[in-house]
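Down below is the structure, laid out as structure tokens.
The values are calculated or read from the model by the stated rules, or taken from the named source; none is laboratory data. Here the structure is a predicted model, which is why all the values come from computation and not from measurement. Positions of Cβ are backbone-derived with ideal geometry, glycine not excepted, and every protein chain shown enters the neighbour counts. Please note that ligands, DNA and RNA were not included when accessible areas were found on the heavy atoms of the full protein model with its side chains. Shrake-Rupley method; radii C 1.70, N 1.55, O 1.52, S 1.80 Å.
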Amino acid sequence: MCGIVGYMGYREAYPIIIEGLKRLEYRGYDSAGIALFDGTNLKVSKTKGKVADLEDRSEKEITKTGHVGIGHTRWATHGVPNDVNSHPHLSNSGDLVIIHNGIIENYESLKQELISRGYTFQSDTDTEVLINLIEDVKKKENVKLGKAVQIALNQVIGAYAIAVFDKTKPEEVVVARLGSPLAIGIGANENEFFIASDASPFLEYTKNAVYLEDEEMAVIRFKKGIKIRKIKDDSLVDTYVQELQLNLEEIEKGGYDHFMLKEIHEQPKAITDTYRGRLLRREAIIKMAGVEDNMKKFLNANRIIIVACGTSWHAGLVAEYIFEDLARIPVEVEYASEFRYRNPVINESDVVIAISQSGETADTLAAIKLAKSKGAFVFGVCNVVGSSIARASDAGAYTHAGPEIGVASTKAFTTQITVLTLIALRLARAKGAITSSDFRHHLLELEMIPQKVEEALKSDAHIKMVADIYKDVSNFLYLGRGYNFPVALEGALKLKEISYIHAEGYPAAEMKHGPIALIDENMPIVVIATKKGHYEKVVSNIQEIKSRKGKIIGIVTEGDTQVRDLADHVIEVPETLESLSPLLTTIPLQLLSYHIAVLLDKNVDQPRNLAKSVTVE
Ligand code: G6P
């Protein structure tokens, strides 16, 4: 978590850093800060709150000039969010300054050691310990900044992406990464450099970027270039400059009030982009290089283990139904955070699928490292190209959702399901578990999903009206069966995340083993009751709710009359195959949570306490 931005070049650094931090606020937004060097002085301004608060504060506190600077937007780990704990942090001499994304796990012992040598600390952070450790090494060993950073990092345990500079040598910035992402943008003739957690802060200035790998550090020198080394053994690494494919429009709101709403509406395109070139309906084939090249591994697998967190875990649950139903391959779905710590039984005949929008989630990354160490084959399903999980996997398939900026995940979920459906269908065909006509039927229906999502989005005004009726309740229940049970979980998660209303997702049939006790005339219950998904059983569950006076919001197939007669409200989605229905039923649930949050005046794109990319355990 946390976003870091840095600039060194001929332009004013302040506006670049502030705009960059705004683009990275999805990574954390409980405090923000900036350090600028104006040729003589190092000026630091930092505050609890958002980047907009930092702008107000720096307006009063510092002159905003300088061509070298670093900035930070924080998601607190060590120390509460307050002004003092905000980054950047200075060393005791005031010469060195650092921004840090990650956690230094052994900071307490390092801190005690430094205190015993006379160092003092203003904040409760692990980061202030690191910058003083670097200063201590630099003085003791009488080495340059790059070397001091390297020696210090070899003493720390933890995760980091850092940027450090010395105000007495401001033509040089040192960066390093282990477990947290770090990109370096390179301007023409190396007369400017950008540093950021992802490339979005420097897209309008350069398309040339270097992504540091784990355990690498770089010394960046104005007009002289970049030198990358391995932190452990000091060996030089070739600098590989990539050309970025991302455009600025993709990371802007494009006329929508919120990124979340924009991303909900982008789903028809995102799903199309995800299956384009892979789903070839006329030829009746699915083409996915990562699957094709590893077909034997998939077909000989004992089982598939899916590891993920949050919304991606819900996509994994949908995938469990698809893989078992269509391809007849046993699947287990695990929270990455549990999997990595419970000594799982896993070996070479297992295939692990890791699902992650960001490709940076620390628990998912650790889970796949564990799986690989046991010999399992790891297949990554990520959205962010070149992300850590994508790189750490043996093979994979990208979702082509485009950048997802709203913290509550929407288009990432539906595109993950799209990729996983394609894989399941391809394997089903290879195994002969699906007939040719059934396979063709699935391809046809999947190809029609974007158009049907478009249809589902037309219920927006009606959903807003329903949101207005229930916005003030304290609890919501979401029920679904089969393929739509994970959708119920995802619907409840969306509501919790952005409206702070307590919501629980449950398999509809399990309701009678607990949640039914909660039902009274004040309790809205969203029931997914599409025509093909155990419809009669779900109707019985609705009757049970009705007789306890619960308020029913039914998500139904177009033209449904039975649930319409029973429910207080119905929201229709077009008809499709049951296996594809999550791609449609999830749409009204996204819109419902969105409208409730907006009506409650919550910060939809940056809900409290959450972050988009969770790079800490
Ligand atoms: C955070 C985000 C969620 C996301 C989860 C997993 O909690 O707020 O929206 O589902 O991390 O992230 P990933 O990038 O691995 O899909």
Picked from region 200-211 (must be surrounded by fewer than 24 Cβ atoms within 10 Å (Cβ to Cβ) and within 23 Å of L365 (Cβ to Cβ)), the residue nearest to the chain's Cα centre (by Cα) is Y211
Counting only residues that are away from the ligand (no atom under 16 Å from the Cβ), touching a Ser or Thr at 6+ places or on another chain (Cβ under 8 Å) and not aliphatic (A, V, I, L, M), region 579-617 contains a total of 4
Checked region 543-562 for anything over 18 Å from E521 (Cα atoms) and open to solvent by less than 80 Å² (accessible area, probe 1.4 Å); matches are I555, V556, T557, G559, D560, Q562
Selection over region 114-144 where residues are surrounded by fewer than 22 Cβ atoms within 10 Å (Cβ to Cβ), assigned to a helix (DSSP H, G or I) and among the aliphatic types (A, V, I, L, M) yields a count of 3
Filtering region 359-391 down to residues that are away from the ligand (no atom under 13 Å from the Cβ) and either on the phi < 0 side of the Ramachandran plot or without any contact (Cβ under 8 Å) to a residue 12 or more places away in the chain (or both) yields K369, L370, A371, K372, S373, K374, A376, F377, V378, F379, V385, R391
- Task: Would you mind stating whether S474 is under 30 Å from K297 (Cα atoms), hydroxyl-bearing (S, T, Y) and over 27 Å from the mean Cα position of the chain (by Cα)?
- Result: no
Exactly one of L583, L599, L610 is under 13 Å from E490 (Cβ atoms) and either of a type in the set (A, V, I, L, M, F, W, C) or under 22 Å from the mean Cα position of the chain (by Cα) (or both), and that one is L583
Check your understanding: For I271, are the conditions met, namely being in a strand (DSSP E or B), touching a Ser or Thr at 6+ places or on another chain (Cβ under 9 Å) and surrounded by 14 or more Cβ atoms within 10 Å (Cβ to Cβ)?
Key -> no
Among residues of region 215-241 being among the charged types (D, E, K, R), under 21 Å from K169 (Cα atoms) and out of contact with any strand residue (DSSP E or B) (no Cβ under 7 Å at 6 or more places or on another chain), the residue surrounded by the most Cβ atoms within 10 Å (Cβ to Cβ) is K223
Per the filter on region 373-420, residues among the β-branched types (V, I, T) and more than 17 Å from T311 (Cα to Cα) are V378, V385
Contact list, first residue from region 403-420 and over 11 Å from A315 (Cα atoms) and of a type in the set (D, E, K, R), second anywhere and more than 9 Å from the ligand (Cβ to nearest atom) and part of a loop (DSSP other than H, G, I, E, B), beta-carbon distance below 7 Å, six or more apart or interchain, is K411/E266; K411/A401
In region 168-190, anything surrounded by fewer than 18 Cβ atoms within 10 Å (Cβ to Cβ) and either touching a residue at least 24 places away in the same chain (Cβ under 8 Å) or part of a strand (DSSP E or B) (or both) is listed as T168, K169, E171, N189, E190
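Residue-wise test of (1) open to solvent by less than 10 Å² (accessible area, probe 1.4 Å); (2) more than 27 Å from H258 (Cβ to Cβ); (3) out of contact with any strand residue (DSSP E or B) (no Cβ under 8 Å at 6 or more places or on another chain); (4) among the polar types (S, T, N, Q).
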{"site": "V573", "(1), (2), (3), (4)": "yes, no, no, no"}
{"site": "E578", "(1), (2), (3), (4)": "no, yes, yes, no"}
{"site": "L583", "(1), (2), (3), (4)": "yes, no, yes, no"}
{"site": "I587", "(1), (2), (3), (4)": "yes, no, no, no"}
{"site": "H595", "(1), (2), (3), (4)": "no, no, yes, no"}
{"site": "V598", "(1), (2), (3), (4)": "no, no, yes, no"}
{"site": "N603", "(1), (2), (3), (4)": "no, no, yes, yes"}
{"site": "Q606", "(1), (2), (3), (4)": "no, no, yes, yes"}
{"site": "S613", "(1), (2), (3), (4)": "yes, no, yes, yes"}
Point to revise | Test for K471: is it basic (K, R) and more than 29 Å from R276 (Cβ to Cβ) | key: yes
Residues of region 392-435 being more than 15 Å from the ligand (Cβ to nearest atom), outside any helix (DSSP H, G or I) and out of contact with any helix residue (DSSP H, G or I) (no Cβ under 6 Å at 6 or more places or on another chain), in sequence order, are D394, G432, T435
For region 126-161 the number of residues that are under 17 Å from G94 (Cα atoms), of a type in the set (V, I, T) and under 32 Å from the mean Cα position of the chain (by Cα) is 5
Scanning region 45-84 for residues that are closer than 15 Å to E128 by Cα and either modelled with pLDDT under 95 or open to solvent by 20 Å² or more (accessible area, probe 1.4 Å) (or both) gives K46, R74, A76, T77, H78, G79, V80, P81, N82, D83, V84
Within region 341-358, residues free of Cβ contacts under 8 Å to residues at least 12 places away in the same chain and either of a type in the set (D, E, K, R) or assigned to a helix (DSSP H, G or I) (or both) come out as R342
Flagged in region 298-322 as β-branched (V, I, T), away from the ligand (no atom under 16 Å from the Cβ) and without any contact (Cβ under 8 Å) to a residue 60 or more places away in the chain, in numbering order, are I304
Taking region 322-336 and the residues there that are in contact with a Lys or Arg (Cβ under 8 Å, 6 or more places away or on another chain) and not in a helix (DSSP H, G or I), the one that is farthest from A308 (Cα to Cα) would be R328
Region 440-540: strands (runs of 3 or more DSSP E) wholly inside it with 2 or more residues that are open to solvent by 10 Å² or more (accessible area, probe 1.4 Å), free of Cβ contacts under 8 Å to residues at least 40 places away in the same chain and touching a strand residue (DSSP E or B) at 6+ places or on another chain (Cβ under 8 Å) are 502-507
Flagged pairs (Cβ under 8 angstrom, 6 or more apart or on separate chains; first in region 75-86, of a type in the set (F, W, Y); second surrounded by 17 or more Cβ atoms within 10 Å (Cβ to Cβ)) are W75/M1; W75/C2; W75/R27; W75/G28; W75/Y29; W75/D30; W75/A611
Looking across region 350-362 at residues that are modelled with pLDDT of 95 or more and out of contact with any Gly (no Cβ under 7 Å at 6 or more places or on another chain), the single one that is farthest from G28 (Cα to Cα) is D350
S409: passes all of (1) at pLDDT below 95; (2) within 12 Å of the chain's Cα centre (by Cα); (3) open to solvent by 10 Å² or more (accessible area, probe 1.4 Å) but (1)
